[in-house]
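Structure first, then comments.
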Amino acid sequence: MTHAAQIRIDLDSATPVNRQIVDHLRTLLVDGVVAPDDILPSVRRLAIDLGVHFNTVADAYRTLAEEGWLEISHGRGVRVRKRRAPRPDEETLAIFRRRLRQLVAEMRAQGLSSAAVVRELASLMEVVKS
Amino acid sequence: MTADSTAMFVVVLSIATLLHWLPLWRRSSLWFGVTVAPDFRNTLEALRVLRQYRAEMWAVSVVALALLWAGVRGEASWMLAAGPLLQSLGAVIAFARGRNSTRPYARRPDGVRAASLAAASEHLPGGAVGIIVPYAMLAAAAIFLRANWRRLPRRFPVHWGINGTPDQWAERTWRSVDGPLLAGLLVIALLHVLGYMIVAGSPHGRMAETADWTARFRRANLRMIVTMGWTLATLFAVLALNPYLSSGDALVIPAWLMVGAILASLRAFSGPLSASARSPAAAAMAHRTNAGSWARSTIRTIRR
């Protein structure tokens, strides 16, 4: 894990904090910033550092453990697991397609031109390819 | 005027000076305990609140000094206690009034927080040795006193006035002999509990930009706790051994040296922080934190 790996949350956001932790941590896991066998801070430590309730962090860790990213062992902390990505079925693809369309619609609604949206998606694609 | 009453005047004046600067020892987004815009402290409103607080605080301090003076002259002994009490109460009310005056300029705190996922393991400096040695010193003193019990005087002084003259004596019992060691044990244990609470129960810094500074501030606190533990163990052990070491009623270590040793221990905290706060890069980062503002304000105060 790089020294700069960190979780960032916004208490003023409409997205629940546990969801923000899950999304941020999943991004770090997918990008390889947090690698298999890395040890993450305990629920208590992360909750203190972020100033949120222990249950919020515990819930986020549990969600990622259910997705196969983390191994939570009592008393020994939270370890990142080697995870084999599941093969997505048609239904999963349809869900993500719908969410992407909603996101693009939201970008357009916020005033981004279609060219700007394409540029953003293209730069995102470069990140995914690398 | 006796040495004791002079000391009371010095204490009241020192507290007033401390209270004068106290509102400035905070991070830039706080003013009298209210979250405000970082540049609020430079506004006329902020300075007006500060002036009002200082005027009220000094007014009650002057009244407190007058009460002390009257008490010393023997007009009424209750005035000796009323002076410092009035000063404390007045300062609290003045601060609360400053807080109320600042409230209209309050703004919501920033909701963005960050935490490192690669937090380095933290512990008290010196490891187990740093913690155990102070207790070992107290234990060694207790064993030595037990072994030399008969050599201790049957009656010895246990309290000294500001001029070093003993004013309270005790018989040779386990309470009077081991009392300083037990007091030392309690104080040092409390310090170590405080250190554990810093390590295990306080945030490492919720802003990524200030993480380095916060880490330095935490290390300085832990270093001070360990140093203070060693200093206090030495002082309490020497105090307990005083009846054995001293030929008369005098203190083996003069009071000024004890106070000096405790103040020197505080350097373990302020020294590294002041040094790092002087570097421009650290100063820029420190500007955003409690710790940084504390150190910078202190340095500014000293320079003035």
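No value in this document is a laboratory result; all are computed from the given coordinates. Quantities reported herein were computed from a predicted structural model and do not represent experimental measurements. Ideal geometry is used to build each Cβ from the backbone, glycine not excepted, and the neighbour counts take in all protein chains shown.
Relative to the longest principal axis of the Cα atoms of chain B, helix B:174-201 runs at roughly 20 degrees. By the Cα gyration tensor, chain A has an equivalent ellipsoid whose semi-axes, rounded to whole angstrom, run 29, 19, 15 from largest to smallest. Relative contact order, whole percent, for chain B stands at 21, derived from Cα pairs under 8 Å and 6 or more residues apart. Peptides B:230-241, B:163-174, ordered by how many other C-beta atoms sit within 10 Å of their residues on average, highest first, read B:230-241, B:163-174. Positive end of the dipole of chain A, charges at C-beta (+1 Lys, Arg; -1 Asp, Glu), about the Cα centre: which of A:TYR61, A:VAL128, A:GLN102 has its Cα farthest in that direction? In chain A, that residue is A:VAL128. Counting every pair of alpha carbons in chain B, the share spaced more than 28 Å apart comes to 57 percent. Peptide B:107-116 has a mean of 6 when you count, residue by residue, the C-beta atoms of other protein chains within 10 Å of its C-beta. Taking every C-alpha pair closer than 8 Å and separated by at least 6 residues, the mean separation divided by the residue count of chain A gives a relative contact order of 19 percent. Using the beta-carbon distance between A:ARG76 and B:LEU18 and R0 = 51 Å, what value does 1/(1 + (r/R0)^6) give for FRET efficiency, to the nearest 0.05? Efficiency, rounded to the nearest 0.05: 0.60. Other protein chain C-beta atoms within 10 Å of residue C-beta, averaged over A:41-54: 4.
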